[in-house]
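Rule-based calculations on the coordinates, nothing more; no lab input. Bear in mind that the values here come from a model prediction, so they are computed numbers and not experimental data. Here the Cβ positions follow ideal geometry from the backbone for every residue, glycine too, while neighbour counts run over all protein chains shown.
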Amino acid sequence: MNRKILKIIAGTQLITLLSTPALAGSHIVKKGDTLWKISNKYSVSMKSVIDANEDIQDPSVIYPGQIIKIPEPVRTVSDYEQEVVDLVNEIRTQRGLKKLTLDEKLSEVARKKSEDMKENHYFDHQSPTYGSPFDMMRKFGISYRSAAENIAKGQKTPQAVVNAWMSSAGHRKNILGESYTHIGVGHVQSGNYWTQMFIGKK
């Protein structure tokens, strides 16, 4: 059985490193908020939120009206993820298309999707955790006028996964899409789960 699998979806609709982070701002707690929901909203780890709020005695207990300090994430994209972006832009340039801009926040979302597929043992555009790729982007505050997602599993290198995507008409259409301006890439080494997210910004 071929273990190198591809899937595609299109529509119009980092490893995060933290050490005594600077503050990005604050969040006023609303009814139903939890630290987990707040950390997801701002794309930072829950641990970093707890570390930035030393006055919180019990992380499971926060109150409406309470002000939560939000740390500034220090983001980086792995070498493999960056190489996928570079290969995609090389292909686009060869065909007279504009390069896509790497969007680090979109890469965080793509990485979360790859992690979710690995942790929940599925391979599909529809996530049991986040819903469709479009739902997932919106949940993490990504706005767009057009969007698409490519996923793959099993390829061990950036070149291998890009070659596989380019050999598939649907995936190739996303990579060469003229309506897209930004790209995010998420790779999980264990199992080699790959996610590409494309957006055309509003």
State the number of residues belonging to region 166-190 that are surrounded by 15 or more Cβ atoms within 10 Å (Cβ to Cβ), in contact with a Phe, Trp or Tyr (Cβ under 9 Å, 6 or more places away or on another chain) and not small (Gly, Ala, Ser). 11
Can you confirm whether Ile67 is among the β-branched types (Val, Ile, Thr) and more than 26 Å from Asn192 (Cβ to Cβ)? yes
Please report, ordered by residue number, the strands (runs of 3 or more DSSP E) entirely within region 50-164 with at least 3 residues that are surrounded by fewer than 17 Cβ atoms within 10 Å (Cβ to Cβ). 74-76
Please go through (1) of a type outside the set (Ser, Thr, Tyr); (2) within 16 Å of Gln196 (Cα to Cα); (3) under 19 Å from the mean Cα position of the chain (by Cα) for Ile91 and return the number of the only condition it doesn't satisfy. (3)
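Of Lys30, Lys37, Lys41, which residue is under 15 Å from Phe140 (Cα atoms) and out of contact with any helix residue (DSSP H, G or I) (no Cβ under 9 Å at 6 or more places or on another chain)? Working first, answer last.
Numbers: Lys30 fails: under 15 Å from Phe140 (Cα atoms); Lys41 fails: out of contact with any helix residue (DSSP H, G or I) (no Cβ under 9 Å at 6 or more places or on another chain).
Exactly one residue qualifies, and that residue is Lys37.
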